[in-house]
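J.: I'd like to ask some things about the structure below.
None of the figures in this text is laboratory data; all of them are computed from the coordinates on show. Note that this is a predicted model, so its numbers are computed, not measured. Heads up, the Cβs are rebuilt from the backbone with ideal geometry, glycines too, and the neighbour counts pull from every protein chain shown.
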Amino acid sequence: MSNIAGVHKVVIIGSGPAGWTAAIYAARARLDPVVYSGVPKQDPGPILPGGQLMLTTEVENYPGFPEGIQGPEMMSQFQKQAERFGTKVLMEDIARCEFSRTPGTPHALHTAEGRVVKAHAVIIATGATANWLGLPNEMRLATTGGGVSACAVCDGALPAFRGKPLGVIGGGDTAMEEATYLTKFASTVYIIHRRDSLRASKIMQDRFLSRPNAKVLWNKVVVDVLGESHISGVLLEDTVTKQRSTLELGGLFIAIGHTPATRFLKDSGIEFDSSGYIALKQRNSYTNIPGVFAAGDVADEHYRQAVTAAGMGCQAALDAERWLAASGID
């Protein structure tokens with residue numbers, strides 16, 4: 001079966017490390033990929049084309065950049081490399097998907113503007129967005145490199161945070177993992193938790209609490225993030241007494257979970273795991289629907305790193321290329 005006129009061989013939805021890497025591989029394989037990169041929005045926190053790295057100032061843990069690189073600059077370089085090989089990029093959202101289960105019938109993707117895009121293969125690389133508190137100054141400092149982050153493993157080792165008191169908001173395993181990591185660099189790490197007990201597993205709690213610079217502030221919520229160009233502290237409110245106090249901090253890490261960007265896949269037939277991430281078949285990018293692949297944080301609850309997302313993007317492009325060839329689509 002040859003390629004049908006007016007139908008793309010590969011459409012990639014999303015434009016973070018996974019999406020751009022998939023585009024690079026697909027373009028070099030002459031699959032003429034089209035990337036729907038999305039548009040900026042607030043939901044309630046910032047969502048930008050390019051993914052979570054657009055909110056990261058300094059990236060020091062991606063191989064090949066010994067001096068580090070700014071997150072937005074890295075994504076710009078990824079995009080330029082994809083475009084160099086012929087990738088077409090459209091700054092539009094895909095709002096709804098009708099995935100075909102009939103061999104030879106293309107998938108139909110509906111844009112937010114009402115257009116219908118058809119493709120033989122689709123790579124979903126829309127990522128996962130951090131859950132934010134939604135405070136105005138939190139959002140401002142997160143988007144300007146002001147010391148508010150949603151990834152301690154990504155940012156915590158930066159010189160800007162070393163030797164300073166740092167706060168982590170959350171009470172689950174992720175918060176404990178992030179806080180324990182930060183104890184290597186901070187003077188003190190405060191877990192700020194709204195309840196009087198943690199949800200994290202006992203072993204994760206013990207691992208954090210055994211560190212000499214670990215502290216937990218019980219029954220506290222952050223009602224404001226303080227600071228102009230950089231965070232200087234937070235305004236806390238006691239959930240029991242309603243009394244307010246100020247805590248000086250040199251950095252704040254939000255660890256209240258992530259939400260995979262899959263809302264547009266409602267009623268599409270795609271299978272999800274118990275946490276709402278796209279379920280993959282074995283150790284590859286195949287979803288439950290033939291010709292539909294997933295890569296990056298949208299299908300990865302565990303790692304959520306730029307380098308792992310890029311690797312998954314490579315897998316998805318290779319899987320799509322082989323699937324198209326096996327389907328007789330040239």
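J.: Which shape class applies to the range 132-254: rounded if a/c is under 1.5, otherwise prolate when a/b exceeds b/c and oblate if not, where a ≥ b ≥ c are the square roots of the Cα gyration tensor eigenvalues? Can you show the working numbers first?
T.: Working: a/c = 1.68, a/b = 1.11, b/c = 1.52.
In terms of gyration-tensor shape, oblate.
J.: Counting only DSSP beta bridges with both residues in the range 132-254, what percent are antiparallel, rounded to the nearest 5?
T.: Just about 45 percent of them are antiparallel.
J.: Can you list residues whose amide H is under 5 Å from Gly251's amide H, if they're 5+ apart or on another chain and H is modeled 1.01 Å from N?
T.: The list, which skips near neighbours in sequence, is Gly167.
J.: Further question: Going toward the positive end of the dipole of the range 132-254, with +1 on Lys and Arg Cβ and -1 on Asp and Glu Cβ, which of Gly171, Ile254, Cys151 do you reach last?
T.: Gly171
J.: Using amide H atoms built in the peptide plane, which far-off residues or other-chain residues are under 5 Å from Gln70 H to H?
T.: Those qualifying (amide H under 5 Å, at least 5 residues apart or on another chain) are Val59.
J.: Another question about this same structure. Which loop-located GluC sites (Glu not before Pro) does the range 7-79 contain, where loop means any DSSP state but H, G, I, E or B and the Cβ has at most 11 other Cβ atoms within 10 Å?
T.: Counting only loop positions with at most 11 other Cβ atoms within 10 Å, the GluC sites (Glu not before Pro) in the range 7-79 are Glu67.
J.: Taking θ as phi - 60°, what are the ³J(HN,Hα) couplings along the range 322-328 by the Karplus curve (6.51, -1.76, 1.60), each to the nearest whole Hz, with x for Gly and Pro?
T.: With the stated coefficients, the range 322-328 comes to 5, 5, 4, 5, 5, 8, x Hz.
J.: Which FRET efficiency value, to the nearest 0.05, do you get for Ala160 and Ser274 by plugging their Cβ-Cβ distance into 1/(1 + (r/R0)^6) with R0 = 35 Å?
T.: E(calc), rounded to 0.05, equals 0.45.
J.: What are the GluC sites (Glu not before Pro) within the range 151-240 that DSSP puts in a loop, where the Cβ has at most 16 other Cβ atoms within 10 Å?
T.: Here the GluC sites (Glu not before Pro) that fit, given the DSSP loop and packing criteria, are Glu228.
J.: Where nothing but the Cβ of Lys and Arg (+1) and of Asp and Glu (-1) is charged, how large is the charge dipole of the chain around its Cα centre, in debye to the nearest 20?
T.: Here the size comes out at about 300 debye.
J.: Which value, in debye to the nearest 20, gives the size of the charge dipole of the range 132-254 about its Cα centre, when Lys and Arg are +1 and Asp and Glu are -1 at the Cβ? Present the calculation step by step, with values, prior to reporting the outcome.
T.: Numbers: 14 positive and 12 negative charges, 56 e Å.
Approximately 260 debye in magnitude.
J.: Another one. Using Cβ-Cβ distances only, list the Cys residues of the chain with no partner cysteine under 4.7 Å, sorted by number.
T.: Cys97, Cys314
J.: Amide H to amide H under 5 Å from Ala186: which residues, 5+ apart in sequence or cross-chain, H placed 1.01 Å off N in plane?
T.: Gly163
J.: Tell me, in nm to one decimal, what length is gained between Phe85 and Asp238 on full extension, where the rule is 0.36 nm per residue of separation less the Cα-Cα distance?
T.: Net length gain for the segment: 49.5 nm.
J.: Test of the criteria: in the range 106-180, which trypsin sites (Lys or Arg not before Pro) are in a DSSP loop and have at most 13 other Cβ atoms within 10 angstrom of their Cβ?
T.: Sites meeting the loop and neighbour criteria: Arg115.
J.: So what's the angle, to the nearest 10 degrees on a 0 to 90 scale, between helix 71-84 and the longest Cα principal axis of the chain?
T.: Its long axis makes an angle of about 10 degrees.
J.: Taking the Cα centre as origin and putting +1 on Lys and Arg beta-carbons and -1 on Asp and Glu beta-carbons, what dipole magnitude results for the range 16-154, to the nearest 20 debye? Walk me through the numbers before you get to the answer.
T.: Values: 11 positive and 12 negative charges, 116 e Å.
It works out to roughly 560 debye.
J.: Where in the range 290-323 is the amide nitrogen less than 11 Å from a point lying 7 Å along the Cα-to-Cβ axis of Val153?
T.: 301-309
J.: How high is the relative contact order of the chain, in percent, counting Cα pairs under 8 Å that sit 6 or more residues apart?
T.: 21
J.: Mind counting lysine pairs for me in the chain? Cα separation below 19 Å, and the two need to be 8 or more apart along the chain or on different chains.
T.: 10
J.: Right, another one. Could you check the simple spin-label distance between Val307 and Lys202, using points 7 Å along Cα→Cβ, in nm with one decimal?
T.: Distance between the two pseudo-spin positions: 3.5 nm.
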